[in-house]
Structures are given as C-alpha cells and as structure tokens.
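Read through the structure below, which is laid out as structure tokens, and then see the notes.
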Amino acid sequence: MLKKLCAAAAITLLPVVITTPAQAATYYQQTVTGSTLAQCNATGSQLAQQKRAEGYLVTWTGCGHQNFGYIGVVAWSN
C-alpha cells in the first residue's frame with residue numbers, strides 16, 4: 001500500500017510543462033519534372049541544394065514515374 005501511495009505522489013509531483021508554438025514556419029514546395037528519372041532527380045537535387053544553401057530546411061525524396069514522365073516535389077520551410 002505504501003508503494004502505491006509513493007508512486008501516486010511521484011506522479012502528482014511531476015512538473016507540468018506547457019509549451020507554446022514557436023514562430024509559425026512558412027512552407028513552400030515546387031514540383032520538378034523530367035522525361036527521364038535521372039533528369040528529374042538531377043533537377044530536384046539541384047533545387048534542394050540551392051534551398052539548403054539559402055538556409056532553408058529542405059525535404060527531397062526523389063522522383064517517381066507518372067504518366068509519360070517523372071515527377072517529384074521539393075519542399076522547404078524557414
């Protein structure tokens with residue numbers, strides 16, 4: 001019984017941390033395309049490197065096949 005009481009007391013004594021959202025980030029994205037997978041990936045990689053160099057947080061996973069070509073999305077935020 002004492003162990004249960006101590007456990008309950010430990011839980012109630014934990015500090016409550018309330019966080020507020022940081023400054024809202026702005027998100028951007030750009031579609032990249034190419035007639036070949038290599039061309040599309042090269043275009044996407046180049047754009048991702050450019051945005052990283054500008055200081056953005058970048059998401060780039062590569063291109064995939066769609067209809068008669070290849071398409072990918074480069075996303076970035078501040």
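Laid out as a table, the results:
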item: Rounded if a/c under 1.5, otherwise prolate or oblate - the range 27-77, Cα gyration tensor axes; result: prolate
item: For a label point 7 Å along the Cα-to-beta-carbon line of V73, residues of the range 26-58 with backbone N under 11 Å; result: 28-32
item: Amide proton proximity set for G62, modelled H, under 5 Å, gap of 5+; result: V73
item: Theoretical gain in end-to-end length, Y27 to T59 [0.36 nm per residue, Cα-Cα removed]; result: 10.4 nm
item: Potential lengthening between Q66 and Q49 on full extension [0.36 nm per residue; Cα-Cα distance subtracted]; result: 3.7 nm
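Every number in this text was worked out from the coordinates using simple rules, so none of it is lab data. Keep in mind it's a predicted model, so treat the numbers as computed, not measured. All Cβ positions, even for glycine, are placed from backbone atoms using ideal geometry, and neighbour counts span all protein chains on display.
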